[in-house]
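The values are calculated or read from the model by the stated rules, or taken from the named source; none is laboratory data. Just so you know, these numbers come straight off a predicted model, no measurement behind them. Here the Cβ positions follow ideal geometry from the backbone for every residue, glycine too, while neighbour counts run over all protein chains shown. Keep in mind that these areas ignore ligands, DNA and RNA; they rest on the heavy atoms of the full protein, side chains included. Shrake-Rupley method; radii C 1.70, N 1.55, O 1.52, S 1.80 Å.
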Amino acid sequence: MRQITSINNNWVFIKENISIDNAMAAQGEQINLPHTWNNLDGQDGIGVYVREKFWYRHELNLEINDNKRYFIQFEGVSCTANVYVNGIHVGGHIGGFSTFRFDITEQLKNGQNTLLVQADNTANEKTYPQVADFTFFGGIYRNVNLIEVETTHFDLSYHGAPGIQVTPVVNTEGNCELNIKTFISNAVDSLEVKYSIYNAENNVVLENITSTELNATIENPHLWNGIEDPYLYRAVATLLVDGVAIDEVAANFGVRSYEVDPNKGFILNGKPYSLRGVSRHQDRQDMGWALTTKEHDEDMELIREVGANTIRLAHYQHDQYFYDLCDKYGMVVWAEIPFISVFMNTEEARQDTLNQMKELIVQNYNHPSICFWGISNEITMKGDKDKALIENLNAVNDLAHELDKTRKTTVANLCILDPTSPAATYPDIIAYNHYFGWYMGELEDNEKWIDKYHKDFPDRCLGISEYGAEGILKWHSDDPKVKDYSEEYHALYHEHMAKIFDERPFLWATYVWNMFDFAANNRDEGGVKGRNNKGLVTYDRTIKKDAFYIYQAYWTTKPMLHLCGRRYVNRAHKMTTIKVYSNCPSVTLFVNGQEFKTIEGNKVFTFENVPLVLGENTIAIKAGDLTDEIKINRISEPTDEYVLVDTTAGEVVENWIDITTGDMLEFPEGYFSIKDTIGELISNEEAKKIVLDAIEIMAKNNGKIPMTEELLKIASPGKLTDMLSHMGVKGDDPEVTKINKELNKIQK
């Protein structure tokens, strides 16, 4: 029978791009896996982190059995890998997120064997992702195992697949038509496969000895029914040769049916089941992607606590362990590949999208939680007119349908993508990333866009694949506004979004961007470097932001109560506003032990004109048996400790000095300048060209993604100075002076 041995411990990490001969002898650093070399510099916000080819070395001491085969299995190496055993190259793998294996039998010897892995996260044009708003951590960041099997065994060589494929289909009578296929290497005439199906109570419900394929019926199956009842069966396939068991594989599976309807949204097992949930990146503060089961468990517990019933696992294949957790806890999953942002028109990159989709599907086919295969994310950042892009998207979509006829394909479209574009309409169901009320427009534009799309395309299934705003815990406001980065605006934004989604059940799914703050090393926004702060929970998972609780109020039935504003301690007001989130019908507020008021509400309870005394105040709330309490300190004079003071381009443009002439920048009335909105500038062809040319130069100088006309349209309500600020451009940049002088020549 197969033996699986973890070899995570006792590796040497060699942080040098050197030859294999030198790597065999280099001293290096003693480490255990999982590991990344970017856990710190990938989150520090300096803008440059190490993207290089480095080595890992491990010594294997083995007693070789000549009748066995030996495979090395890697569950994730970023972003490409080359593997050597005793100095001999046994294989390479392109793509940083999937399982891959090599048969190393012929290279092994009795005694000590040296395993060398070169991990490579350098920039290239052969694998995705290359451009995206997150850090590409390098290293062997998931588990490594040695697998020992008989010569005849369940296959280990097909794209990292498990060797067993389980397809349960609910028929019109409500029974499960079960198909199980197994794949065997080095088959012999006398082999048989014994199939045993166990229920969740570990009782055998079906058993059969046949060939490599089983077709059977489970009558009146217990359905996998999302978070309400995520019931799992287990299929065990035992390989018999001359009646003797020589190998075994197993897979959990769930019996469920689902549909997606343009008007009813997602339907699970014949009943409407609104999918409301979150997106997740796989990194953690000071750890990067090198997570253990402990961190995965913690993430799942937080997602369950907020009440989500669906997760978009973005923007790549996640750890098998996390998909297992989704099966176990009933999360409906959108799984995707990192075909993201900027299309690379090379044959290698095209093949990479197909390879990554094939690996995603064959490795994860058995998970009942997965209902959607995501083809791409915002891949039209440079436009949707490239025929090669459209062909690539359709090729990946067709491959997904070829490999899996039981699931839907979907896409996360860039918000400005024309709904009639062939880049927007090819998959089974559609979703858009929208940031009205943050990057563009007003909060109310969200429902306006959704309702117009639903009216214009009534036969299409529409979801919202991303939405969010930055919320940074050190910033607070009594009058929160877009781009103040306050926790209060973050919460206000999500109050609005939770409400409008609750009122629109036709949306097949909605996903908060993001469940957790995550590393994006090129970012310097809101006074925090190297981080996207849109999470409902902080990067280190220690603090749930106020917005976390508005979703808990909408998504959970267990009574909950949360008092907002606990980090906004010092307030210079005699009266203040207190906000509460709860799914209870009424809430009572107490001030310094005295009952203030009881109000009825629906998820959001706002208490106005709450009196404060100088010094410390105790604010408490009660709903049924639930209570919560915070402390507020009334101070005599206002403080700016909670206000982001932006000393970059957007706020101090009047003080920008022309470093070449010593003159102040000019903003003549009736002529364009850098103080105009992006929308105003791109409405004039001459001004648009000046802006695009200058931004390309400044983006390159500051290590940012060049802005296309499509991306400028997204930011059209904002000022050019704001965008330059977010790009890290300083007021004394010569390009700022140059672009302003050129714009000053154009009359409005």
Check: DSSP loop GluC sites (Glu not before Pro) in the stretch 58-90 with at most 11 other Cβ atoms within 10 Å of their Cβ, which ones?
Finding: 63
Next item on the list: Compute the Cα gyration tensor for the stretch 522-653, then decide on rounded, prolate or oblate, letting a ≥ b ≥ c be the square roots of its eigenvalues: rounded whenever a/c is under 1.5, prolate when a/b is larger than b/c in the other cases, and oblate in all that remain.
Entry: oblate
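Given a cut-off of 32 Å, name the pairs among 271/713; 126/448; 382/408; 544/700; 328/529 whose C-alpha atoms lie farther apart than that in the structure shown.
Where the Cα-Cα span goes over 32 Å, the pairs concerned are 271/713; 126/448; 544/700; 328/529.
Between rounded, prolate and oblate, where does the stretch 504-545 land on the alpha carbon gyration tensor, with a ≥ b ≥ c its root eigenvalues, rounded for a/c under 1.5, else prolate if a/b exceeds b/c?
On the way: a/c = 3.17, a/b = 1.91, b/c = 1.66.
The shape class here is prolate.
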Check: In a shell of Cβ-Cβ distance under 15 Å around residue 448, excluding residue 448 itself, what net charge do Lys and Arg (+1) and Asp and Glu (-1) give?
Finding: -3
Notebook entry, point to check: What net charge is computed for the residues neighbouring residue 62, neighbours being all others with C-beta under 14 Å from the C-beta of residue 62, Lys and Arg scored +1, Asp and Glu -1?
Noted result: -2
Next item on the list: Pull up the DSSP beta bridges for the chain and report the antiparallel fraction as a percent, rounded to 5.
Entry: 80 percent
Margin query: With just the Cα atoms defining each centre, how far is the stretch 444-512 from the stretch 74-104? Give it in Å.
Written below: 42 Å
Item checked: Candidate aspartates and glutamates for bridging to residue 68, where Cα separation is under 17 Å - those fewer than 8 sequence places away on the same chain excluded -> 103, 106, 148, 150, 155, 247, 248
Next item on the list: Mind running the shape call on the stretch 327-439? Use the C-alpha gyration tensor, a ≥ b ≥ c as the square roots of the eigenvalues: rounded below 1.5 for a/c, prolate if a/b tops b/c, oblate otherwise.
Entry: oblate
Note to self: Out of the trypsin sites (Lys or Arg not before Pro) in the stretch 109-201, which ones are loop residues according to DSSP with at most 12 other C-beta atoms within 10 Å?
What the structure shows: 109
Note to self: Please list, ordered by chain and number, the residues whose modelled amide H lies under 5 Å from the amide H of residue 122; skip anything fewer than 5 residues away on the same chain.
What the structure shows: 52, 79
Check: Using alpha carbons only, how many degrees (0 to 90, rounded to 10) separate the axis of helix 734-744 from the longest principal axis of the chain?
Finding: 60 degrees
Item checked: Accessible-area order (highest first, 1.4 angstrom probe) of the listed residues 587, 241, 645 -> 645, 241, 587
Next item on the list: Grab the other residues whose beta carbon is less than 10 angstrom from that of residue 52, score K and R as +1, D and E as -1, and report the net.
Entry: +1
Checklist line | Accessible area, probe 1.4 Å, largest first, for residues 116, 206, 614 | finding: 614, 206, 116
Check: Which one is right for this structure if log10 I(q)/I(0) by the Debye sum over Cα atoms at q = 0.05, 0.11 Å⁻¹ is calculated from it: (i) -0.29, -1.29; (ii) -0.41, -1.92; (iii) -0.25, -1.30?
Finding: (i)
Checklist line | residue 630 accessible area, assembled protein chains, probe 1.4 Å, Å² | finding: 10 Å²
Item checked: Extension reserve of the residue 20-residue 348 stretch, reckoned as 0.36 nm per residue once the Cα distance is removed -> 115.6 nm
Next item on the list: Calculate for the chain the 222 nm mean residue ellipticity that helices alone would give, adding -39,500 (n - 2.57) per DSSP H run of length 4 or more and normalising by residue count, nearest 500 deg cm²/dmol.
Entry: -6000 deg cm²/dmol
Checklist line | Those trypsin sites (Lys or Arg not before Pro) in the stretch 364-433 that DSSP places in a loop and that have at most 14 other beta carbons within 10 Å | finding: 385, 405
Check: Once phi is turned into θ = phi - 60°, what whole-Hz ³J(HN,Hα) does the Karplus curve with 6.51, -1.76 and 1.60 give for every residue of the stretch 397-404, x standing for Gly and Pro?
Finding: 4, 5, 4, 4, 5, 5, 7, 8
